[in-house]
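Below: one structure, written as structure tokens.
Values in this text are rule-based calculations from the coordinates and carry no lab data. Every value quoted in this text rests on a predicted model; they were computed, and no experiment measured them. Backbone-built Cβ (ideal geometry, glycine too); neighbour counts: all protein chains shown.
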């Protein structure tokens with residue numbers, strides 16, 4: 001995503017109009033429009049003021065991705081009650097159908113036993129509670145997957 005798109009989405013996320021931003025920064029609405037369309041770019045001081053206005057760091061503003069921001073916001077808002085209502089396998093299965101079909105193909109008890117053993121080791125060796133051990137295990141799996149998929 002380019003800086004103009006980042007500025008546009010950050011402004012929209014804060015519920016501000018171009019006029020609102022222009023007034024707060026002491027520039028014209030057309031200047032805001034040019035920044036958001038990529039016709040021109042704000043100088044570093046204006047970028048810093050925009051970041052403060054949009055309640056984000058300068059780095060976040062420059063690299064702002066609306067999809068990532070929406071996901072982060074959803075994570076913040078989710079809680080145990082929501083988690084109890086959502087069948088995550090079914091929801092992720094809409095994007096990754098293998099999650100809905102592997103059960104008949106994979107020797108689940110074999111893998112479950114081995115995974116439980118690894119989780120127990122994490123809990124005992126590092127004194128993690130069950131949830132923390134699962135999160136660490138998930139993160140390790142993700143990093144192994146990233147490493148493997150990057151080498152292919």
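Quick notes on this structure:
- With Cα atoms, 0 to 90° folded angle of helix 130-150 axis to the chain main axis: 70 degrees
- Distance between modelled label sites at residue 145 and residue 12, nm, 7 Å Cα→Cβ extension: 2.9 nm
- Relative contact order [Cα under 8 Å, 6+ residues apart], the chain, whole percent: 18 percent
- Sequence ranges 111-120, 51-60, ranked by mean other-Cβ count within 10 angstrom, highest first: 51-60, 111-120
- Each of 78, 149 was scored by other Cβ atoms within 10 Å of its Cβ. Listed from fewest to most, they are 149, 78.
- Between the stretch 111-141 and the stretch 8-67, the alpha-carbon center distance in angstrom: 43 Å
- The angle between the Cα long axis of helix 66-77 and the longest principal axis of the Cα atoms of the chain comes to about 60 degrees, rounded to the nearest 10.
- Note on the chain: helix-only mean residue ellipticity at 222 nm, from DSSP H runs of 4+ residues weighted -39500 (n - 2.57) and normalised by residue number, equals -22000 deg cm²/dmol.
- Shape of the stretch 3-68, Cα gyration tensor, a/c cut at 1.5: rounded
- Here each label is just a point 7 Å from Cα along the line to Cβ, and for residue 130 and residue 98 those points are 2.8 nm apart.
- Calculated FRET efficiency for the pair residue 89/residue 116, C-beta based, R₀ 25 Å, to 0.05: 0.85
- Cα-based helix-to-principal-axis angle, 44-53 vs the chain, degrees rounded to 10: 60 degrees
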